[in-house]
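Asker: Provided herewith is a single structure, encoded as C-alpha cells, for subsequent inquiry.
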Amino acid sequence: MKVFAIFGDPVSHSRSPLMHNCVFKHLNYKASYTRVHLKDGTKLRDTFLNLGLSGANITVPHKEAAYKACDEIRGFASTVGVVNTIINEDGKLIGYNTDADGFMYAIQEFKNVKKILIIGAGGTAKALASRFVQDNLEVNVINRSAGRLDYFKDLASSCFTWDDFDDSIKYDLVVNTTSAGLKDEELPAPVELINTILNNTSYVADAIYGKLTPFLKFAQAKDITYKDGADMLLGQGVLANELFVEKKLEKDDILKEMKKSFLL
Ligand code: NDP
C-alpha cells in the first residue's frame, strides 16, 4: 500500500485527500492519501521519509521549503524554485511544480488576457508569474512587503507595494495569490486599493478555494467575472496524480474522478 500526503499549515481545509483518494479508488490503485499538519518547513524532508511516503503535495507556506528539501528538481519547478509535488524515487525526493499549469487550465475560459496583475509575491505568485511570461503575457505584481518583490524585478513590467501602486494602469486579469481570506476575512490589500484595482480589470481569480473570499465578494458586487481556486486545484491535482500513479489514466478521466470528490 502506497501512502501519499499533503503538507501544510493550515491543512485541514485541503480537498487534496478526497480528490486523490477518489482516483485511487477508481483505479483500484493500492494507495491512500492523508493530511500532515506541518508547522516547521525545515522538518519536511525528515517527516516525509519517516512516514515512508511515496509522494506528497505541499501547500501554504512550505512550497519554497519543499524545493530545498528535494534531492532533484524536474521541469518547471527548477525555473521557479517552488515545489508543490514530491515523488519518492528509491529514497530520492524529486520535486515538481504543477500549480502553474493547473492555473492555465483554470483560466482557459477568460478570453484575450494579455496584461495581468498578481497580488502577492509568495510561492504561488512566483510560479504564476514565470508561467505567464513563458506565454508572453505581461505581468505586474503588488505585494504587502517589499522584500519578496526582488524575485520579480526581471520578470514583471512593474512591481509595487501598497504605498507606491500606480492606479492608472488597466489589467485584463487580477489574481489574488495571497493567503488573505484563507482563514480570516481579510482583503489582500487595503480596501481603497482593492476598490481601485477592481475598477480597472475585466476578470478576477483567487487561488483560494472552498469559500468566497472577501476579495471575490468585492468582485462579485462589482459584477466582474471571477473564479475561485477550485479549477486551479483540480488542474494541479490532475498533473500531480499523473506523477503519483505513473500515468495510468488519461487527464480527462482523472479530472472526472476528481470532480466527483467535490460532490462528497
Ligand atoms: P506563500 O506563503 O508563499 O505567500 C503568501 C503571500 O501572501 C505573500 O506574498 C504574503 O505577503 C501575502 N500575504 C499573506 N497574508 C496576507 C495578508 N493578510 N494581506 C496581504 N498579503 C498577505 O503562500 P503560497 O503562495 O504558497 O499560497 C498562497 C495562497 O494560494 C494560499 O491561500 C493557498 O491556499 C493558495 N493556493 C491555492 C492553490 C490551488 O490549487 N487553488 C494552489 C496554490 C496555492 P508578505 O510577503 O508581505 O508576507
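The values are calculated or read from the model by the stated rules, or taken from the named source; none is laboratory data. This one's a predicted model, so the numbers in the text were calculated from it and none came from an experiment. FYI the Cβ positions are ideal-geometry reconstructions off the backbone, even for glycines, and counts take in every protein chain you see. Quick note on the areas: whole protein, heavy atoms, side chains included, nothing else; ligands and nucleic acids left out. Shrake-Rupley method; radii C 1.70, N 1.55, O 1.52, S 1.80 Å.
Asker: Would it be correct to say that Val11 is within 16 Å of the ligand (Cβ to nearest atom), open to solvent by less than 70 Å² (accessible area, probe 1.4 Å) and not hydroxyl-bearing (Ser, Thr, Tyr)?
Answerer: yes
Asker: If you don't mind, there's one more thing I want to ask. Thr79 versus (1) within 14 Å of Gly123 (Cα to Cα); (2) β-branched (Val, Ile, Thr); (3) surrounded by 18 or more Cβ atoms within 10 Å (Cβ to Cβ); (4) out of contact with any Leu (no Cβ under 9 Å at 6 or more places or on another chain): which is the lone unmet condition?
Answerer: Just one mismatch for Thr79, condition (3).
Asker: Looking only at the range 132-155, filter to residues that are open to solvent by less than 40 Å² (accessible area, probe 1.4 Å) and closer than 18 Å to Phe103 by Cα; which one of those is nearest to the ligand (Cβ to nearest atom)?
Answerer: Across the range 132-155, the extreme among qualifying residues is Val141.
Asker: Right, here's the next one. Condition first: away from the ligand (no atom under 16 Å from the Cβ) and either within 21 Å of Ala100 (Cα to Cα) or touching a residue at least 24 places away in the same chain (Cβ under 8 Å) (or both). Now tell me which residues in the range 220-243 satisfy that. Explain how you work it out, then say what you get.
Answerer: From the range 220-243, those away from the ligand (no atom under 16 Å from the Cβ) are 220-225; that's our starting set.
Lys222, Ile224, Thr225 - these are the residues of the range 220-243 that are away from the ligand (no atom under 16 Å from the Cβ) and either within 21 Å of Ala100 (Cα to Cα) or touching a residue at least 24 places away in the same chain (Cβ under 8 Å) (or both).
Asker: Among the residues that make up the range 116-127, is at least one of them more than 13 Å from the ligand (Cβ to nearest atom), surrounded by fewer than 23 Cβ atoms within 10 Å (Cβ to Cβ) and of a type outside the set (Ser, Thr, Tyr)? I'd like the intermediate steps shown before the answer.
Answerer: Going through the range 116-127, the residues more than 13 Å from the ligand (Cβ to nearest atom) turn out to be 116-117.
Next, only the ones that are surrounded by fewer than 23 Cβ atoms within 10 Å (Cβ to Cβ) stay: none.
Looking for residues that are more than 13 Å from the ligand (Cβ to nearest atom), surrounded by fewer than 23 Cβ atoms within 10 Å (Cβ to Cβ) and of a type outside the set (Ser, Thr, Tyr), one finds none in the range 116-127, hence no.
Asker: Say whether the condition of being surrounded by fewer than 18 Cβ atoms within 10 Å (Cβ to Cβ), at positive phi and either at pLDDT below 95 or more than 14 Å from the ligand (Cβ to nearest atom) (or both) is met by at least one residue in the range 32-50.
Answerer: no
Asker: Under the condition of being open to solvent by less than 30 Å² (accessible area, probe 1.4 Å) and within 23 Å of Ser78 (Cα to Cα), which residue from the range 102-115 is nearest to the ligand (Cβ to nearest atom)? I'd like the intermediate steps shown before the answer.
Answerer: At the first step, the residues of the range 102-115 found to be open to solvent by less than 30 Å² (accessible area, probe 1.4 Å) are 102-103, 106-107, 110, 113.
Adding the requirement that they be within 23 Å of Ser78 (Cα to Cα) leaves 102-103, 106.
Values: Gly102: 6, Phe103: 8, Ala106: 8 Å.
Selected residue: Gly102.
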